[in-house]
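Trainee: Dropping a structure here in structure tokens format, bear with me for questions.
The values are calculated or read from the model by the stated rules, or taken from the named source; none is laboratory data. As the structure is a computational prediction, the values presented were derived from the model and not from experiment. Positions of Cβ are generated from backbone atoms using ideal geometry, with glycine treated the same way; all protein chains shown enter the neighbour counts.
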């Protein structure tokens with residue numbers, strides 16, 4: 001639904017303008033988030049400059065990690081959503097983990113960039 005700018009199966013849940021506002025960088029060049037090269041929209045981490053764990057994502061991709069390692073990242077340029085389901089306590093900085101990096105790299109390799 002978010003990848004489709006607020007619509008799913010012909011039903012609108014959010015205005016496209018709302019999704020745009022949520023996923024547009026709001027923090028400028030401030031160093032934010034759990035990985036370098038990112039900033040924040042409204043509720044979403046936004047990739048400013050892909051690098052490290054986010055190097056397979058396009059600039060403007062957005063997502064967020066959960067407390068136990070789950071990751072969801074949306075690349076609107078590639079029209080893809082990456083969802084990594086992990087439930088692991090004491091998984092330090094899952095946003096910048098080797099598991100996330102390997103998952104995204106494998107997905108991009110399998111699907112093509």
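Trainee: Look at residue 67 and say whether it is over 19 Å from residue 105 (Cα atoms) and either in a strand (DSSP E or B) or at pLDDT below 90 (or both).
Mentor: In short, yes.
To keep it simple, each residue is scored yes or no on (1) within 24 Å of residue 100 (Cα to Cα); (2) touching a residue at least 12 places away in the same chain (Cβ under 8 Å).
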{"residue": "5", "(1), (2)": "no, yes"}
{"residue": "25", "(1), (2)": "yes, yes"}
{"residue": "28", "(1), (2)": "no, no"}
{"residue": "39", "(1), (2)": "yes, yes"}
{"residue": "42", "(1), (2)": "yes, yes"}
{"residue": "51", "(1), (2)": "yes, yes"}
{"residue": "54", "(1), (2)": "yes, yes"}
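Trainee: Which condition from (1) modelled with pLDDT of 85 or more; (2) touching a strand residue (DSSP E or B) at 6+ places or on another chain (Cβ under 7 Å); (3) in a loop (DSSP other than H, G, I, E, B) is the one that residue 74 breaks?
Mentor: Going through (1) modelled with pLDDT of 85 or more; (2) touching a strand residue (DSSP E or B) at 6+ places or on another chain (Cβ under 7 Å); (3) in a loop (DSSP other than H, G, I, E, B) one by one, residue 74 breaks only (3).
Trainee: Next question. Of the residues 81, 89, 102, only one is on the phi < 0 side of the Ramachandran plot and surrounded by fewer than 12 Cβ atoms within 10 Å (Cβ to Cβ); which?
Mentor: Checking each option against the conditions leaves just 89.
Trainee: Turning to a different aspect of this structure: Of all residues in region 15-57, which are outside any loop (DSSP other than H, G, I, E, B), out of contact with any strand residue (DSSP E or B) (no Cβ under 8 Å at 6 or more places or on another chain) and buried (at least 18 other Cβ atoms within 10 Å of the Cβ)?
Mentor: 19, 53
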